[in-house]
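Following: one structure in structure tokens, then a few remarks.
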Amino acid sequence: MESQISTLHNGLRVVTSSRPHSESVTLGIWVNTGAAYEREDINGISHFLEHMVFKGTEKRSSLQISEEFEDVGGQSNAYTSREFTAFYAKMLKQDTELAIDILADIVLNSNFPQEELEKEREVVVQEIKQTIDTPDDIIFDYLQEQAFSGQAIGRTILGPAEKVRSYDGRTLNDYRKSNYGAHNTVVCAVGNINHDAFVKMVEQRMGQMQPYAHFEKDSQIYHGGIFSEKRDIEQAHMVLGFQGVPYGSPNYYPTIVFSTLFGGGMSSRLFQEVREKRGLVYSVYSFSNSHTQNGLFGIYAGTTKEELKQLMPVVCEEIRKVRTDLVSEKELKRAKTQLKASMLMALESSSATVEVLARQMLIFNRIIPVEEMVAKIDAISREDIRRVANTLFASTPSYALVGDIDGYPAYDDIKKLIRV
């Protein structure tokens, strides 16, 4: 994954990774901002802005933006997370300059037409309602809120509907001025690309971007707690969370390997014990979400209210086991191999690679060689896995339940069941 990096005079970083035999280029603009950097009174504005930039600039209407991408067979999209906002496209190699011209135009020059604002507000409100109506989506927002209560990192990415309906062009412009600066932005391209030529394209279009964003970062202090919501549906959805690790932690790779071993696939401990041996669930898995200052480790399961009562003691027993007994060399090797294979296969995709490069630059201000990542995974020992498990599960639990949850195991009981 060889790459080249240049920094423009305003601090904007431009990264490319050349694949000379490819017929396409995947490129985009990544900004280190999102829901975690919003004041409470503008929660959801990062995501709303991500929608609205496609609705017109001084020289392109919403329709023209779509047509210019699709006239040459290109694809474009965007997303907002808690700490990142991305605008990206995949084009044939000869259309790279068109792609960066459109992307830079919408990110820097979108003018938020009133008619489009009114329509898109309701589109986003429908997205909010759809998420609320989907229990195995909304439960992760509930968990995040319990884990990081009272902080921006704990609030939803989409925001409340009533706030979204209040945002106007001035609010969006003010947010863009405060949160979008060259120093917290990376432009990245992967494919059949010439680095120097691409840097010139970016310089012409983004060289005048303001150097600095002007917002204060909120805390990311883990708390824990419980949220439950009874719904008249067939399933009970449960997520049990614990304090995880930030991106830069020395425990970052051990935690990901542990998550793979514990609940990351069909051979994992949770899947084998909870689903294969006992048939208590259709879906069960663990996950590790890292943020810049903190993280969240969790276990999700979807089941029925009767089986939920059996499920939680089984999950807690697996937690106790992995805290006290060393994992076998065989399962550790399998988890490492799974993780390395997944990472290496993903990097064959230009779309996955451009995402990795952009995030590494925003988080670490450098590209991490694949060999370095593989070496860190290979160095993880059985003792590291037990140490990480004990660190994770010693934290105060976050517990979220949604659905047919009558008689669910109490929060204090869960805390007792995971003690060693």
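Computed from the coordinates by the stated procedures, all read-outs in this text should not be read as laboratory data. Because the structure is a prediction, the values reported are computed rather than measured. All Cβ positions, glycine included, derive from the backbone under ideal geometry; neighbour counts span all protein chains shown.
List of remarks:
- At R0 = 45 Å, FRET efficiency that the Cβ-Cβ distance of Lys321 and Glu203 yields, to 0.05: 0.20
- Counting only alpha carbon atoms, the long axis of helix 195-206 and the longest principal axis of the chain meet at about 80°.
- Here the Karplus relation 6.51 cos²θ - 1.76 cosθ + 1.60, evaluated at θ = phi - 60°, turns the backbone of region 349-358 into coupling constants of 8, 5, 5, 5, 5, 4, 5, 4, 4, 4 Hz, with x for every Gly and Pro.
- Computed Kirkwood radius, in angstrom, where 1/r is averaged over Cα pairs of region 1-150: 17.4
- Entries of Lys119/Lys163; Lys230/Lys305; Lys129/Lys305 with Cα pairs more than 21 Å apart: Lys129/Lys305
- For region 49-136, the spread of Cα positions along each principal axis, largest first, Å: 44, 30, 24
- Sorted by Cβ neighbour density within 10 Å, fewest at the top, the residues Met343, Met373: Met343, Met373
- Shown for Glu116, Glu83, Glu229: other C-beta atoms within 10 Å of each C-beta, ranked fewest to most, produce the order Glu229, Glu116, Glu83.
- Rounded tilt (10° steps) of 114-132 against the dominant C-alpha axis of the chain: 10
- Angle in degrees between helix 169-179 and the longest Cα principal axis of the chain, rounded to the nearest 10: 70
- Here region 19-83 yields Rg over Rh of 1.07, to two decimals, using C-alpha coordinates and the Kirkwood radius.
- Bridge type composition, region 4-206 - antiparallel percent by DSSP, nearest 5: 80
- Fewest neighbouring Cβ atoms within 10 Å first, the residues Asp232, Asp196 line up as Asp232, Asp196.
- Residues of type aspartates and glutamates that Lys93 reaches as a straight line, Cα spacing below 12 Å, ignoring anything fewer than 8 places off in the same chain: Glu23
- Rounded to the nearest 20, the size of the Cβ-charge dipole of the chain about its Cα centre is 1520 debye, with Lys and Arg at +1 and Asp and Glu at -1.
- Set of aspartates and glutamates with alpha-carbon distance to Lys340 below 12 Å, sequence-local pairs under 8 removed: Glu371, Glu372, Asp378
- Relative contact order (percent, whole number), the chain, Cα cutoff 8 Å, 6+ residue spacing: 21
- Taking amide H atoms as placed 1.01 Å from N in the peptide plane, the amide H of Phe148 lies under 5 Å from those of His223, Gly224, each 5 or more residues away in sequence or on another chain.
- Convex hull per residue volume in Å³, alpha carbons only, for the chain: 142
- In order along region 54-60, the phi-based Karplus estimate (6.51 cos²θ - 1.76 cosθ + 1.60, θ = phi - 60°) of 3J(HN,Hα) comes to 7, 9, x, 10, 5, 10, 9 Hz; Gly and Pro are listed as x.
- With helices as the sole contributors, the chain gives -13500 deg cm²/dmol at 222 nm; each DSSP H run of n ≥ 4 counts as -39500 (n - 2.57), and the sum is divided by every residue.
- Each principal axis of the Cα atoms in region 62-105 has its own extent, and those three values, largest first, are 33, 23, 16 angstrom.
- Cα-based convex hull, region 225-417, per residue volume (Å³, whole number): 128
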